1. Only one of (1) out of contact with any strand residue (DSSP E or B) (no Cβ under 6 Å at 6 or more places or on another chain); (2) β-branched (Val, Ile, Thr); (3) crowded, with 16+ Cβ neighbours inside 10 Å fails for Ile74. Which number is that?
2. What are the residues in segment 98-117 that are over 17 Å from Tyr35 (Cβ atoms) and either assigned to a strand (DSSP E or B) or out of contact with any Leu (no Cβ under 6 Å at 6 or more places or on another chain) (or both), if any?
3. Out of the residues in segment 85-135 that are among the aromatic types (Phe, Trp, Tyr) and modelled with pLDDT of 95 or more, which is surrounded by the fewest Cβ atoms within 10 Å (Cβ to Cβ)?
4. If you take the residues of segment 20-51 that are in a loop (DSSP other than H, G, I, E, B) and among the aliphatic types (A, V, I, L, M), which of them is nearest to Thr105 (Cα to Cα)?
5. Could you pull out the residue among Val52, Val60, Val41 that is under 16 Å from Cys85 (Cα atoms) and either among the hydroxyl-bearing types (Ser, Thr, Tyr) or free of Cβ contacts under 8 Å to residues at least 24 places away in the same chain (or both)?
Amino acid sequence: MLSVEREHKSFQIGNVKIGGRPGQVPTVLVGTIFYNKHHVVKDEMKGEFDRVEAERLIKVQEEFSEKTENPHMIDVVGSTVEAFCRYLDFVAGVTQAPILMDGITPGVRIAALDYVRDHGLTDRIVYNSLLLITRRRS
C-alpha cells in the first residue's frame, strides 16, 4: 500500500484536473507540437507552419483523449517570441485544452507571458519550464 506523509493536492487547469491521490483522476495525455525539426514547422524563427497539418495533429490527440477517457494538454514549443506567440494563438484557437508553455529560453517564455495575459489565456496555461542554475565550485 502506498503511504505518503503529505496531503495529495489536485489542481484544475482549464478543463483538466491533475494531481490528487494515485488513481483518483485519470492520467493526462500530453502531445508536443512545433518542436525543433517538427515536420509541421516551415520557419521556426518566424513561426510559419502547416496550419492544416498542425490542426489535424491536435484533433487526433483530442480523438485519443475521448477514446481513452484521459484528458489532454498541448505542449507548445517556440524558438522565438514571434514564433511562440503565433503558435500559442493558433493552438488556443483550435482546442480548449490547457497549453503547456515550453519556449526554448527563459526570455522567450517570459515575453510570451505578456501575450498570454493580454489574450485572456492565463487560466489555460502552464509555465512548463524550469531553469536550473548551477554554481561552479572554485
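1. Only one criterion is unmet by Ile74, namely (1).
2. Within segment 98-117, Pro98, Gly107, Ile110, Ala111, Leu113, Asp114, Tyr115, Val116, Arg117 meet the criteria.
3. Out of the qualifying residues, it is Phe90.
4. Among those that are in a loop (DSSP other than H, G, I, E, B) and among the aliphatic types (A, V, I, L, M), it is Met45.
5. Matching residue, one of Val52, Val60, Val41: Val41.
The values are calculated or read from the model by the stated rules, or taken from the named source; none is laboratory data. As the structure is a computational prediction, the values presented were derived from the model and not from experiment. Glycine also receives a Cβ, built like all others from the backbone with ideal geometry; neighbour counts cover every protein chain displayed.
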